[in-house]
1. Starting from 0.36 nm per residue, how many nanometres of slack lie between ILE36 and THR71 once their C-alpha separation is accounted for?
2. So how much slack lies between THR46 and MET82, counting 0.36 nm per residue of separation and subtracting their Cα-Cα distance, in nm?
Amino acid sequence: EISNIMVDFQLNPLHQVEVERVVTGLCDALGASERIFTSPVPTFYTRHTARFLAFWLLALPMGLYQPMAGTWNHWGVIPVTMAIAGFLLGIEELATQLEEPFSILPMEKMCEGSIRTAVMEQVERSKAGIQSPYYGEV
């Protein structure tokens, strides 16, 4: 499809080579991303982390009981435990999201914009008669 677009725009051969190089790089990056996406994260890691965190947060009030002796009837343990639990559970949720970033990133829009931008830049350069640096052999 991109080859047909380049023929329709009648680009300078050097610009065609550069566009093809950029598109090849994007295709390589897409292939690497698909390999990362299709390789599953073992569920053991996620489950183990969640279970350890739950056990640690359940034991936390016992560890805070003596340091909070200065509060009225040890009531300071509750808000401190809740604050620490909120931070740690938030970090754990972020880690879960980072295990599969492709579900939250707009990959199609990013790729479409990158390819369209590269092709249109070469078209504008070709129309303006600007030669881009090319360091390979033709």
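1. Details: separation 35, 0.36 × 35 = 12.60 nm, distance 5.03 nm.
Taking 0.36 nm per residue and subtracting the Cα distance, the gain is 7.6 nm.
2. On the way: separation 36, 0.36 × 36 = 12.96 nm, distance 2.19 nm.
Additional length available on full extension: 10.8 nm.
Each value in this text was obtained by applying a stated rule to the coordinates, not by laboratory testing. Everything numeric here is computed off the predicted structure, so don't read it as measured data.
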